[in-house]
Amino acid sequence: MPLTVDGDAADDPVGRQSAEHSEDTGAPRRSRLGRYGPQTLVGALIVAVVGSVAGALATSLAGGDDDKSAPPAASAVSPAAASAAAPSCFNATCTGVDPKDAGCADMAVTIADDWISTMHLEIRYSSRCQVVWGKLTGAQVGDTMEITTSPTQRQRAVVVSGHTKYTPMLPVGRQFSSQVSAVSVKGDPEHDIPAGYTLRVGADHDDAAAKPTR
């Protein structure tokens, strides 16, 4: 007697495989690209690229490279620049004023000088203040000093203590001449300076122009 099997061919694996590979036309099943289309794969690629860019941007905004996170702090003002304050007077307003008190002694230059032993006499000039004055060092108490400018301006000083003295200031123009004299009233025998000895110095605008500008 021939053997028979109940049921249909769906339980037959060979039959199922044949059914999967053939339909009405007998053609094989379409590939994944055929089923989903190229548009689907391109869209997935775009999503991946956008996600990478967004992640990198978030990392940069969160901190990124510590070496580039902030610019260097501004440098502090140097002590030299801070100390270069403007003088309190200029030219005619400096007449009769102490050069150190007015700030004109800062950055001033000596435009003429002379010596006798330890006694030193100078004409000091300030281009910032446009003035001149006399300076005497190695002086003795009682010594006198006088500075004049053309035509007839003059300032006088007397040494009352110490060994250094300044005359008050005199204004000068673009062209000027000045003379300063110092008298060793009592003399200084220890340094071979006779009593009443007078030391004189003169200078003009050409001497001032020959000095470095300050």
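Per-structure values
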{"read-out": "Gained length - S177 relative to T95, 0.36 nm times residue gap less alpha-carbon distance", "value": "27.9 nm"}
{"read-out": "Protein accessible area in the range 122-197, 1.4 Å probe - carbon and sulfur %", "value": "48 percent"}
{"read-out": "Local electrostatic count, L170, Cβ distance below 12 Å [Lys/Arg +1, Asp/Glu -1]", "value": "+2"}
{"read-out": "Sites T164 and R200 - FRET efficiency at Förster radius 22 Å, r taken between beta-carbons, to 0.05", "value": "0.70"}
{"read-out": "Separation of the R128 and M107 label points, Cα + 7 Å toward Cβ, nm", "value": "0.5 nm"}
{"read-out": "Share of pairwise Cα separations in the range 83-197, more than 20 Å, in percent", "value": "39 percent"}
{"read-out": "For the range 128-176, average projected area of the Cα convex hull in nm²", "value": "3.7 nm²"}
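The values are calculated or read from the model by the stated rules, or taken from the named source; none is laboratory data. The structure presented is a predicted model; accordingly, all values stated were derived computationally and were not measured. All Cβ positions, even for glycine, are placed from backbone atoms using ideal geometry, and neighbour counts span all protein chains on display. Note: areas computed on protein heavy atoms with side chains; ligands, DNA, RNA excluded. Shrake-Rupley method; radii C 1.70, N 1.55, O 1.52, S 1.80 Å.
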